[in-house]
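This report refers to the structure that appears directly beneath it.
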């Protein structure tokens, strides 16, 4: 696999992802209530999350700043601990292989990759034969 090639994994919605406390509807409601004057404390108590979570979903500048900081931290972690990153990605891959939806996605991806490479090789052979 090329270094430039990126594998896209199936994306779970907020309702399917068990680590998310807030659904899409909750986030819309939080934004509406915040604009109508609710305090961060009131919203955090109502939805049982911390104030930083409410700020994250209601303040665009704060969200962009947080995402950029997280990206930088991840990059530094990858640079400083390359072995740890490889081990964690291997654990993640093993966990994903237990999921049936992911297995199906991976099977289709592998087939497409196989036929793409096969097509490239056959096209290369045909081009080489034309030269003579």
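Only the coordinates and a few stated rules stand behind these numbers; no lab work does. These numbers come from a predicted model, not from an experiment. Glycine gets a Cβ as well: all are built from the backbone with ideal geometry, and neighbour counts include every protein chain shown.
Data for the structure
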read-out: Simple label model, 7 Å out from Cα along Cβ direction - residue 102 to residue 66, nm; value: 2.5
read-out: Efficiency of FRET between residue 50 and residue 83 - r from beta-carbon atoms, R0 41 angstrom, step 0.05; value: 0.80
read-out: Inter-site label distance for residue 114 and residue 12 at 7 Å from Cα along Cβ, in nm; value: 2.9
read-out: Residues 111, 29 arranged by fewest to most Cβ contacts within 10 Å; value: 111, 29
read-out: Residue 24-residue 75 pseudo-label distance in nm [points 7 Å out on the Cα-to-Cβ vector]; value: 3.1
read-out: Footprinting exposure proxy for 20, 92 (fewest neighbouring C-beta atoms within 10 Å first); value: 92, 20
read-out: Cα gyration tensor of the stretch 13-71 - equivalent ellipsoid semi-axes, whole Å, descending; value: 18, 16, 10
read-out: Taking the stretch 13-71 and dividing mean pair separation by its residue count, relative contact order in percent (alpha carbons under 8 Å, at least six apart); value: 23
